[in-house]
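Report on the structure given below.
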Amino acid sequence: MKSTRLTVTQKNIHDFKGDLLVFCALKRENQLPWCDDEIISLVTHAHELGDFSGKEDETLLFYPEQTHMTPEFSAKRVLILGLGAEEELADDITAREAFRKAGGVIAQTVEKIKAGNIMIRIPTLAICPFEDMGECLAEGVVLGNYRFDKYQKEKPEEEQYKGLKDIKLFSEQNQNELKKGAKKGGIAARAACLARNMANEPGNGWTASDFAAHASHLAQTYKFKLSVLNTVDMKQLGMGGILAVNQGSTEPPKMVILEYRPAGKNDTLLLVGKGITFDSGGVSLKQALGMEEMKYDMCGGAAVLAAMEAVGREKPKLGVVAIVPATDNMAGGGAVKPGDIIRHYDGTTSEIVNTDAEGRMILADALAYGIKTYSPTCVVDIATLTGAAIMGLGHHYSCVLSNNDALVQRLDAAGKRTGEPMWRLPLGKEYSKQIESKVADIKNIGGKSAGTITAAAYLEHFVGKTPWAHLDIAGTAWNFTEKSYIPKGPSGMGVRTFIDLIRNWEKGAVGA
Ligand code: BES
Ligand code: ZN
Ligand code: ZN
């Protein structure tokens, strides 16, 4: 991935000779928009003409050389960007999202004018912590600047855009907070972009073995312990769920495990991500329309590995174990059939009524194995698990289901802080009853109603009393496109939530 330099500076902004200099402005009721002193005359003029109020996503682009501005700017262009209403920025969640979105709008302008280096003037706003401003602006620009053109023909040299190489955040004050924030934002955004890269690879470009290879690369870079279980290991261990899903495929399955264990006694978080590299539905074949999107069915697994990239860079106090059960779901001659009964790692037998409900089958083995082997303090799994999640919440919120209120509260807070919102759905006996089977211990679908909940009820069966939360990101892993910093295609959903969750972890906060 191309790398963008991210630095904090207090050099005179008037001397910045780069492609784009950015200022922010705020909308105020019956008043001039708020802005920094350097651009007051410009903003006043634009406001008088009715061109600019400072509302969200509003922009003004100037060419200082032509406009004889005083004081003079040396930058090729100046962008003034609306952040929205002043009073809304008093709320830290809204403010963080406003800066992230502003970062996204900056990235869109950067793309349009093919800017290579930019400077952003951090507004001297008393209501927002500098760390948050640095973090969210940096995050928004890096996330918004993402492109995936690996499989497209290279453009002729003169049309080529080499990408954004350098982002400078300018402020005269609070340099340290700003630096800390920019570093955090940069790490989180780059991790999310890595997850997008994995997800953007087609089914023939990213297989279970690619998950294993990438994990091996992470293990070498960050000194994680790596274990990769192959078909033989899975047979020995009795992982009948992932083996059954893999039966119709020519690609070998992998259970990929990375362990980060810091010194000292601490909590351990287990992250499990669905790594279905292509979901055809198997014998219960999906319809052709839109099936190509099922290359994204590994977004949960990508999120988990991408979060480990940030763990490796930040070395948190919390221990983190990541597991990605990975395979594609194909309909080859040996494929698992509706009616087949399989046995999961923990001994539970399951009647496979629909081979398209494969995510829960691979996650069941991964959860049971992960909990037994690593005795984590708590577990979070993430999966593009059910179409019903889209029916319920559309493409704006992920679903969260859990047996532990404290864990949900932490995840929800992390989701709010990162602009990855989630909404809790219930679990309970009534729903678990829907997956009772007449011929096995459970069955892999629960009927027409409450599809997201019955899928989670299946997983719940394998976590026992361990605090656990399940994120169903079927609606948000892609098509989560209303934000300036999330381009079309995979969003990287979950990566930044996990990073924030880990950063703000307090030992003992989620007890067994
Ligand atoms: N990967 C799909 C879920 C999905 C569908 C994610 C659309 C994103 C967009 C999953 O494996 C699946 O096929 N689930 C079935 C379950 C059903 C057979 C009980 C579904 O949701 O239709
Ligand atoms: Zn499926
Ligand atoms: Zn699937």
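The values are calculated or read from the model by the stated rules, or taken from the named source; none is laboratory data. The structure displayed is predicted, hence computed values, not measured ones. As a convention, Cβ positions derive from the backbone with ideal geometry for all residues, glycine included, and neighbour counts pool all protein chains shown. Accessible surface areas use protein heavy atoms only, side chains included; no ligands, DNA or RNA. Shrake-Rupley method; radii C 1.70, N 1.55, O 1.52, S 1.80 Å.
Answer yes if at least one residue in the stretch 357-371 is within 14 Å of ligand 1 (Cβ to nearest atom), under 30 Å from S280 (Cβ atoms) and among the hydroxyl-bearing types (S, T, Y), and no otherwise.
No, that holds for no residue.
Going through the stretch 343-369 one residue at a time, which ones are assigned to a loop (DSSP other than H, G, I, E, B) and open to solvent by 20 Å² or more (accessible area, probe 1.4 Å)?
Within the stretch 343-369, Y345, D346, G347, V353, N354, D356 qualify.
Restricting the search to the stretch 323-342, which residues are within 16 Å of ligand 2 (Cβ to nearest atom) and either assigned to a loop (DSSP other than H, G, I, E, B) or farther than 28 Å from G203 by Cβ (or both)?
M330, A331, G332, A335, V336, K337, P338, D340
Among the listed residues K317, K372, identify the single one that is over 28 Å from A188 (Cα atoms) and open to solvent by 30 Å² or more (accessible area, probe 1.4 Å).
One residue alone meets the criteria, K372.
For the stretch 386-413, which residues satisfy the criterion of being open to solvent by less than 40 Å² (accessible area, probe 1.4 Å) and within 16 Å of ligand 3 (Cβ to nearest atom)?
Hits for the stretch 386-413 are T386, A388, A389, S398, C399.
All but one of (1) farther than 20 Å from G446 by Cβ; (2) touching a strand residue (DSSP E or B) at 6+ places or on another chain (Cβ under 9 Å); (3) within 16 Å of ligand 2 (Cβ to nearest atom) hold for V320, so report the exception by its number.
With (1) farther than 20 Å from G446 by Cβ; (2) touching a strand residue (DSSP E or B) at 6+ places or on another chain (Cβ under 9 Å); (3) within 16 Å of ligand 2 (Cβ to nearest atom) applied to V320, the lone miss is (3).
Need the failing condition index for A192 against (1) open to solvent by 10 Å² or more (accessible area, probe 1.4 Å); (2) assigned to a helix (DSSP H, G or I), just the number.
With respect to (1) open to solvent by 10 Å² or more (accessible area, probe 1.4 Å); (2) assigned to a helix (DSSP H, G or I), A192 is out only on (1).
Which of the helices (runs of 4 or more DSSP H) found entirely inside the stretch 57-162 contain at least 3 residues meeting this: crowded, with 17+ Cβ neighbours inside 10 Å?
Because the criterion is at least 3 residues that are crowded, with 17+ Cβ neighbours inside 10 Å, the helices (runs of 4 or more DSSP H) in the stretch 57-162 that meet it are 92-113, 130-144.
Being among the hydrophobic types (A, V, I, L, M, F, W, C) and out of contact with any Gly (no Cβ under 9 Å at 6 or more places or on another chain) narrows it down to one residue among I118, I122, I127, I106; which is it?
I127
Out of the residues in the stretch 273-292 that are touching a residue at least 60 places away in the same chain (Cβ under 8 Å) and surrounded by 24 or more Cβ atoms within 10 Å (Cβ to Cβ), state the one that is nearest to ligand 2 (Cβ to nearest atom).
Among those that are touching a residue at least 60 places away in the same chain (Cβ under 8 Å) and surrounded by 24 or more Cβ atoms within 10 Å (Cβ to Cβ), it is D279.
State whether one or more residues within the stretch 34-44 are within 21 Å of N117 (Cα to Cα) and either assigned by TED's automatic domain parsing to the domain that holds S171 or assigned to a helix (DSSP H, G or I) (or both).
There is at least one residue in the stretch 34-44 that is within 21 Å of N117 (Cα to Cα) and either assigned by TED's automatic domain parsing to the domain that holds S171 or assigned to a helix (DSSP H, G or I) (or both).
Could you give every pair whose Cβ atoms fall below 8 Å, whose first residue belongs to the stretch 293-316 and is assigned to a helix (DSSP H, G or I) and within 11 Å of ligand 3 (Cβ to nearest atom), and whose second residue is among the aromatic types (F, W, Y) and open to solvent by less than 10 Å² (accessible area, probe 1.4 Å), counting only separations of at least 6 or pairs across chains?
Pairs found: M298/F211.
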